[in-house]
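First up is the structure itself, then whatever we jot down about it.
Every number here is computed from the coordinates shown, using simple stated rules; none is lab data. Note that the structure is predicted; figures quoted are calculated from it, not measured. Here the Cβ positions follow ideal geometry from the backbone for every residue, glycine too, while neighbour counts run over all protein chains shown.
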Amino acid sequence: MDENKVNSAEPMDGKTLPTEINTWTKVKNFLCYEIKVELTPKQEKIFKEVRDFWHQEITKEDFKEVLFHEITWQGTKDFWLQKIDITL
């Protein structure tokens, strides 16, 4: 069983590991860095609502309703001139 143990000081199969860090290693380490994000309950609620919106089931009838929805001048005016409350 001792022959299966690997000594980290000796090269494996005649190949040596790189001793200096090159540019690719730095880029790879930067891109693969593990990030832990903690959200407030309000942020979690918003992210859940956005996720639910993007993953909702869309049927042919829903798609047809959007394509053939009647557009009127009054509806367009109401949409662009609606009052929006911004709360932070």
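Cβ neighbours within 10 Å, averaged per peptide: list 35-43, 22-30 in order, most packed at the top.
Per-residue mean Cβ counts within 10 Å order the peptides as 22-30, 35-43.
Identify the residues of the stretch 73-88 with backbone N under 12 Å of a label point that sits 7 angstrom from the Cα of residue 42 along the Cα-to-Cβ direction, or state none.
87-88
Using the Cα centre as the reference, give the magnitude of the dipole from point charges on the C-beta atoms of the stretch 14-88 (Lys, Arg: +1; Asp, Glu: -1; all else neutral), rounded to the nearest 20 debye.
Computed charge dipole of the stretch 14-88: roughly 480 debye.
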